[in-house]
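Novice: Would you mind keeping the following structure in view while I ask a few things?
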Amino acid sequence: MAETHVLFVEDDDVIREATQLALERVGFTVTAMPDGLLGLEAFRADRPDIALLDVMVPGLDGVSLCRRIRDESTVPVIMLSARADAIDVVLGLEAGADDYVTKPFDGAVLVARIRAVLRRFGHAAGPDGPGQGGAEEDSEALDGVLVFGDLEVDTDGMEVRRAGEQVALTPTEMRLLLEFSSAPGTVLSRDRLLERVWDYGWGGDTRVVDVHVQRLRTKIGQDRIDTVRGFGYKLRG
């Protein structure tokens, strides 16, 4: 099996070298770059399996780099931030990142987070993942296609159409929609979504859920997913 190729963009020499060694020690192939412009060149040349992007890098900052990558690819992206600042986190997620890790981070935690992201990207609707449940009575299932008004979710082909037009979703957005589609009308808590979609076996930052729900709404319709204050979200049947 080919080794997983990681693009790592970090301008701090000590952090970059130490993290590269830690990732290579557990079997990853790492391309490490000190700024965003070189990172973009490396991404286009190497097409890595996952990108780790520090928010504050010269040349092209991590958020802008994430947007450029997302314009060209659905490859998973994890943002690295020196602060747990809400602005940094939200900007990175809104740019298309799938997750984020706050520095300083433990190498084992970073490896676990990378593996969790890769698992869900490799198995968008695995045996224990979302999309395995049956549709409720408010939705119509036809040959693996769930229909919610003008929204069609093909759980076999991993495709989504709205009013007949195909909707481009990232793998994380697709997993989120599959989780909602498996239980339309049912309120799903943020903690459940973190566990099922982000594969968190531990407490995570619910801002990840909130931003991804908002991104999903912009693609499938703002009124398709309801917010239930104090509890979570639900998909309209």
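Novice: Which one of the conditions (1) more than 20 Å from residue 114 (Cα to Cα); (2) at pLDDT 95 or above does residue 51 fail to meet, given that it meets all the rest?
Specialist: So the condition that residue 51 fails would be (1).
Novice: If you don't mind, another one. Please list, ordered by first then second residue, the pairs with beta carbon atoms under 7 Å, 6 or more apart or interchain, first in region 98-116 and closer than 17 Å to residue 16 by Cβ and of a type in the set (D, E, K, R), second at pLDDT below 90 and open to solvent by less than 30 Å² (accessible area, probe 1.4 Å).
Specialist: Close Cβ pairs satisfying both conditions: 103/81.
Novice: Something else about it: Can you tell me how many residues within region 160-207 are more than 15 Å from residue 234 (Cα to Cα), without any contact (Cβ under 8 Å) to a residue 24 or more places away in the chain and hydrophobic (A, V, I, L, M, F, W, C)?
Specialist: Summing the residues that are more than 15 Å from residue 234 (Cα to Cα), without any contact (Cβ under 8 Å) to a residue 24 or more places away in the chain and hydrophobic (A, V, I, L, M, F, W, C) in region 160-207 gives 2.
Novice: Now a separate question. Restricting to region 172-214, what's the tally of residues that are within 21 Å of residue 150 (Cβ to Cβ) and open to solvent by less than 30 Å² (accessible area, probe 1.4 Å)?
Specialist: Qualifying residue count, region 172-214: 12.
Novice: Here's a follow-up. If residue 159 satisfies all but one of (1) at pLDDT 95 or above; (2) surrounded by fewer than 18 Cβ atoms within 10 Å (Cβ to Cβ), what's the number of the condition it fails?
Specialist: With (1) at pLDDT 95 or above; (2) surrounded by fewer than 18 Cβ atoms within 10 Å (Cβ to Cβ) applied to residue 159, the lone miss is (1).
Novice: Residue check, residue 221 against (1) open to solvent by less than 40 Å² (accessible area, probe 1.4 Å); (2) within 20 Å of residue 97 (Cβ to Cβ); (3) not aromatic (Phe, Trp, Tyr), all met but one. Which one?
Specialist: Failed condition: (2).
Novice: Pick out the one residue from 89, 26, 117, 75 that is modelled with pLDDT of 90 or more and open to solvent by less than 40 Å² (accessible area, probe 1.4 Å).
Specialist: Going through 89, 26, 117, 75 in turn, just one is modelled with pLDDT of 90 or more and open to solvent by less than 40 Å² (accessible area, probe 1.4 Å): 75.
Novice: List the number of the failed condition for residue 135; all other conditions in (1) over 25 Å from residue 96 (Cα atoms); (2) open to solvent by 70 Å² or more (accessible area, probe 1.4 Å); (3) modelled with pLDDT under 80; (4) not basic (Lys, Arg) hold.
Specialist: (2)
The values are calculated or read from the model by the stated rules, or taken from the named source; none is laboratory data. The structure presented is a predicted model; accordingly, all values stated were derived computationally and were not measured. Using ideal geometry, Cβ is built from the backbone for each residue, glycine included, and neighbour counts are taken over all protein chains shown. All accessible areas refer to the heavy atoms of the entire protein, side chains included, with ligands and DNA or RNA removed. Shrake-Rupley method; radii C 1.70, N 1.55, O 1.52, S 1.80 Å.
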